[in-house]
Amino acid sequence: MERDSSKSDENEKEEEFSDISLRPLDLSDVDDFMVWATDDRVSRFCRWNTYTSKEDAVNYIKNTVIPHPWFKAICIKNRPIGAISVIPNSGEDSCRGEIGYLVASKYWGQGIATKAVKMVASTIFSEWPNLERLEALVDVENPGSQRVLEKAGFQKEGVLRKYCIQKGSTRDMVVLSLLSTDPKL
Amino acid sequence: MERNSFKSDGKEEKEGFSEISLRPLHLSDVDDFMEWAKDDRVSRFCSWDTCTSREDAVKYIKETVIPHPWFRAICINNRPVGQISVLSYPGEYRCRGELGYAIAPKYWGQGIATKAVKLVASSIFSDWPHLERLEALVDVANPASQRILEKLGFQKEGVLRKFYIKNERTIDVVMYSFLSTDHML
């Protein structure tokens, strides 16, 4: 899930939903989860393939979400409309964590992903004192997601050519990072 | 993770040893291996720590070198003077391999690492047909190693800030890549 797929357009209505909250996602959220998990427009830039069965969704929540080191549902009035997560590393790589997020397509264009990323950026470095670098890999063909991160203060470091395979082809990925010492926007 | 450690004094164009060869490193090579493995000037930019004893070296050869997906001794007259390796990744990252190399300081400044990297870059894509990207991460404080890769046609993609930890410090690295479709200079 650690591939940024939120897409927002130039005409973001910033404050329409000013109150988003982050909380753990659990099995009782499976129907809300299915709303984005079954949407090709969301899965397009994610690692996973569009879900076709509720059973697969239940397994994913049980096996990946619940034991995940840091996974939250992005909620409006406590209803999940997206998800955001951070994957830590160990040993010599423990200074780095990778952020990934998605928002149900119905809620695109409202600055929700940007808010969620800013919320994570403002707490993750205290929650994980060893973390110094929050990084994100975004498909070169997903400029909306790149903008989300730039608006949250991430710096674009470069394009990593043929970095990973997604949906059967090798992709170029933009790498962006936010350091614990960077100013938060 | 492979870290590039070759450092030369800039006088690389001397062709003192024009014939280098690559072959597997064996336990019987341990004393030659120690020449670079016990030297702080070499391990400084590598992910591994300096070997302080022959036992450490034997352990490293047994546990890391022998099971390694692609590890070679760089030899002059069949005597190892350094090492070069490519680490592979599973799953969605199998299109990438990470290059690392190290040369005993006695042999610095003679273009040996350049020759070794050229040999590897021109054969690894046939050895591993699924490989599309050979990458190298070089400490920003190691310009000599950066020059080797640039001279050969690797592309500098950017600086990844606070990317990994070495001796309790977080290090910025320059990311380089060479694609199966790129031209070696």
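Taking all protein chains together and a 1.4 Å probe, the residues B:Glu92, B:Glu98 rank B:Glu92, B:Glu98 from largest to smallest accessible area. Helical content alone sets the calculated 222 nm signal of the protein assembly as shown at -6500 deg cm²/dmol, taking -39,500 (n - 2.57) per DSSP H segment of four or more residues and averaging over every residue. The count of lysine pairs in region B:4-135 with alpha-carbon distances below 23 Å, taking only pairs 8 or more places apart or on different chains, stands at 15.
Region B:109-185 to region A:85-134: how many Å between their Cα centroids? Answer, in whole Å: 29. Relative to its residue count, region B:4-135 spans a Cα convex hull of 106 Å³ per residue. The interface between chain B and chain A buries about 2400 Å² of solvent-accessible area in total (1.4 Å probe, ligands and nucleic acids excluded). Rounded is the label for chain A, because the ratio a/c of its alpha-carbon gyration tensor axes (a ≥ b ≥ c) stays below 1.5.
Excluding ligands, DNA and RNA, the accessible surface per residue across region A:5-132 is 48 Å² with a 1.4 Å probe. Site pair B:Arg23 and A:Lys54 shows an inter-label distance of 6.6 nm when each label is modelled 7 Å from Cα along Cα→Cβ. Using a probe radius of 1.4 angstrom, the carbon and sulfur fraction of the accessible surface of the protein assembly as shown is 49%. Over all orientations, the protein assembly as shown has a Cα convex hull whose mean projected area works out to 19.4 square nanometres. The heavy atoms of B:His183 present about 150 square angstrom of accessible area, all protein chains included, probe 1.4 Å.
Considering only beta bridges that DSSP places wholly inside the protein assembly as shown, some 90 percent are antiparallel. Exposure check, 1.4 Å probe, all protein chains in place: B:Lys62 carries approximately 120 Å² of accessible surface. In percent, what relative contact order does region B:4-135 have, based on Cα pairs under 8 Å that are 6 or more apart in sequence? After rounding, I find 32 percent. At a threshold of 40 Å², the residues of region B:141-176 that become less accessible to a 1.4 Å probe in the full protein assembly than in their chain on its own are B:Glu157, B:Leu160, B:Arg161, B:Lys162, B:Phe163, B:Ile165. Which entries of A:Lys118/A:Lys162; A:Lys72/A:Lys151; A:Lys54/A:Lys77; A:Lys54/A:Lys184; A:Lys118/A:Lys167 have Cα-Cα distances beyond 31 Å here? Violating the 31 Å Cα-Cα cut-off are A:Lys54/A:Lys184. When only Cα pairs below 8 angstrom with a gap of at least 6 residues are kept, region B:116-185 shows a relative contact order of 39 percent. In the context of the full set of protein chains, residues of region B:4-135 present 46 Å² of accessible surface per residue (probe radius 1.4 Å, heavy atoms only).
Here A:Glu150 sits with roughly 80 square angstrom of accessible surface, probe radius 1.4 Å.
Remark: relative contact order (region B:29-91) = 30 percent; criterion is Cα-Cα distance under 8 angstrom and separation of 6 or more residues.
The values are calculated or read from the model by the stated rules, or taken from the named source; none is laboratory data. Keep in mind that what you see is a predicted model, and the values were worked out from it rather than measured. Cβ sites come from the backbone with ideal geometry, for glycine too, and all protein chains shown count toward neighbours. Note: accessible area is taken over every heavy atom of the protein model, side chains too, but ligands, DNA and RNA are not part of it. Shrake-Rupley method; radii C 1.70, N 1.55, O 1.52, S 1.80 Å.
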